[in-house]
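All remarks here apply to the structure that follows.
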Amino acid sequence: MKNNISYSTGTLIEKLRKDSNLTLQKLAEALHVSKAAISQWESGSGIKTEMLYELSKFFNISVHELINGKLDNESNTDYWKRNYDLSNYEFDENISENNLDKLESYYKCIKQIKKEFYRLLPLWSENKLTESELEEFNFIKDNYFTFDDSYFAALKIGMGAFRFKSEKEEKDFVSEIYAKFQNKPEKELDWELSKLYGFKGDYKGDGVCKSRSTKALELYLSILPQVLKDALFMANLEIEEEVEQSNGLSAYKQKTKRPLTDDEIEQRLFLKIMINNGCHYMQKRKLHSYIDEENINMLEGTITECDLNANEHFENDGLFIDFGGHSRLDALQNWKFYSYEEYEKMIDKKETERLFNLLNYKNDNPLKYYEYITQ
């Protein structure tokens, strides 16, 4: 029987192996399993119950310690650093097919950090954490999360306002959000909570872009919040070109953006990966110099222009542009002022479906694509 062991159990197995100066292969040979199995255990999944006993005997620890993912003589600080310190997974070399396992481990650590933060957050806001849990929460919060004072002030005072808040005000605000959305679907609660805190960790988007690795892109998409995934997709549906211009006296070249044609879209494998990993085509909206209740709720329909010049310093090198999360596409830039339901309504489902079929079926399954376009 296989168990989906905890993330901390996986990191403990890795720690024990490295403390014993064992490679993956050496430990695999000692336990008569494959190297891939050890790698899977260290990622926190796929271990058979009997192998937990074999590991505990091999490393001379109790099964209880292994299952809990914490040694009896391990300090809380060491435990938190082992499980929530991204520097454990940092690597200086460029991302390539040879170190994708490092990138995957790095992203798994980010997922664990976020999971634990949002698990402890409501208890912190109600002052219900134990002393140990509070130390753990503060370690994660101080290192990786920033409260959005601007968003807090915008809701409490009004747009354009800003002031620092006390810890009590922050806790009360978190409690207020939980009270309002805790009985809503989980995706709505997650959406609202994600507005409160910014993640300070590096998603390594620029490195993934330069790697030209489609697998790295898949891993990158697995860690991105939905808004950033959609912004990334929208940015890559346009291309920058130099166009001849004339002012009557002389000719010059000017950079401009234009939408990709269907043929160009088909040629970009990364777009297929994006749409198959949950990216959406968003309806474009007119831009506003200010936000109020009236224009927040006013859907203007599709327009032809979309100012995406916020990332001109990124070059489209044939893989994709790292959009970096900054968008002047109104529905994306101002996402915090929309509910999850409102944001979903801004997805152009028809165009998303069309692009999905174009990228997946036109060449690979032309009959199915023909059936789609003629239905």
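When Ser56 is tested against (1) modelled with pLDDT under 90; (2) over 30 Å from Tyr144 (Cα atoms), only condition (1) is not met. Checking each residue in the range 47-90 for being within 18 Å of Arg17 (Cα to Cα), of a type in the set (Ser, Thr, Tyr) and within 27 Å of the chain's Cα centre (by Cα) picks out Tyr79, Tyr89.
Per-residue answers, yes or no, for (1) open to solvent by 40 Å² or more (accessible area, probe 1.4 Å); (2) under 20 Å from the mean Cα position of the chain (by Cα); (3) of a type in the set (Phe, Trp, Tyr); (4) at pLDDT below 70:
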position: Leu287; (1), (2), (3), (4): yes, no, no, yes
position: Ile291; (1), (2), (3), (4): no, no, no, yes
position: Leu308; (1), (2), (3), (4): no, no, no, yes
position: Asn357; (1), (2), (3), (4): no, no, no, no
position: Pro366; (1), (2), (3), (4): yes, no, no, no
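Just one residue in the set Lys156, Lys102, Lys115 is closer than 16 Å to Tyr7 by Cβ and surrounded by fewer than 16 Cβ atoms within 10 Å (Cβ to Cβ); that residue is Lys115.
What about Leu123, is it modelled with pLDDT under 90, open to solvent by 30 Å² or more (accessible area, probe 1.4 Å) and not in a loop (DSSP other than H, G, I, E, B)? Considered against the rule, which asks whether it is modelled with pLDDT under 90, open to solvent by 30 Å² or more (accessible area, probe 1.4 Å) and not in a loop (DSSP other than H, G, I, E, B), Leu123 comes out as no.
The sole residue among Asp172, Asp190 that is within 23 Å of Asn334 (Cα to Cα), of a type in the set (Asp, Glu) and open to solvent by 30 Å² or more (accessible area, probe 1.4 Å) is Asp190. The residue that is modelled with the lowest pLDDT, among those in the range 224-245 that are of a type in the set (A, V, I, L, M) and either over 30 Å from Ser194 (Cβ atoms) or not in a loop (DSSP other than H, G, I, E, B) (or both), is Val243. Scanning the range 1-53 for residues that are surrounded by fewer than 14 Cβ atoms within 10 Å (Cβ to Cβ) and either on the phi > 0 side of the Ramachandran plot or modelled with pLDDT under 90 (or both) yields Met1, Lys2, Asn4, Asn21, His32, Thr49, Glu50.
Restricting the search to the range 198-219, which residues are open to solvent by 10 Å² or more (accessible area, probe 1.4 Å) and of a type in the set (Ser, Thr, Tyr)? The answer is Tyr203, Ser211, Thr214. From the list Ile67, Ile61, the one residue that fits, being in a loop (DSSP other than H, G, I, E, B) and either aliphatic (A, V, I, L, M) or open to solvent by 80 Å² or more (accessible area, probe 1.4 Å) (or both), is Ile61.
Can you tell me which residue among Ser87, Ser75 is surrounded by fewer than 14 Cβ atoms within 10 Å (Cβ to Cβ), more than 26 Å from Ser211 (Cβ to Cβ), without any contact (Cβ under 8 Å) to a residue 60 or more places away in the chain and out of contact with any Asp or Glu (no Cβ under 7 Å at 6 or more places or on another chain)? Just one listed residue meets the conditions, Ser75. Scanning the range 126-149 for residues that are open to solvent by less than 60 Å² (accessible area, probe 1.4 Å) and assigned to a helix (DSSP H, G or I) yields Ser132, Glu133, Glu136, Phe137, Asn138, Phe139, Ile140, Lys141, Tyr144, Asp149. Only one of the numbered conditions (1) closer than 23 Å to Asn143 by Cβ; (2) out of contact with any helix residue (DSSP H, G or I) (no Cβ under 8 Å at 6 or more places or on another chain) is violated by Ala179, and that is (1).
The values are calculated or read from the model by the stated rules, or taken from the named source; none is laboratory data. All values derive from a computational prediction rather than experimental measurement. Quick reminder, even Gly has a Cβ in these numbers, built from the backbone with ideal geometry, and neighbours come from all protein chains shown. Areas reflect the complete protein model, heavy atoms only, side chains present, ligands, DNA and RNA absent. Shrake-Rupley method; radii C 1.70, N 1.55, O 1.52, S 1.80 Å.
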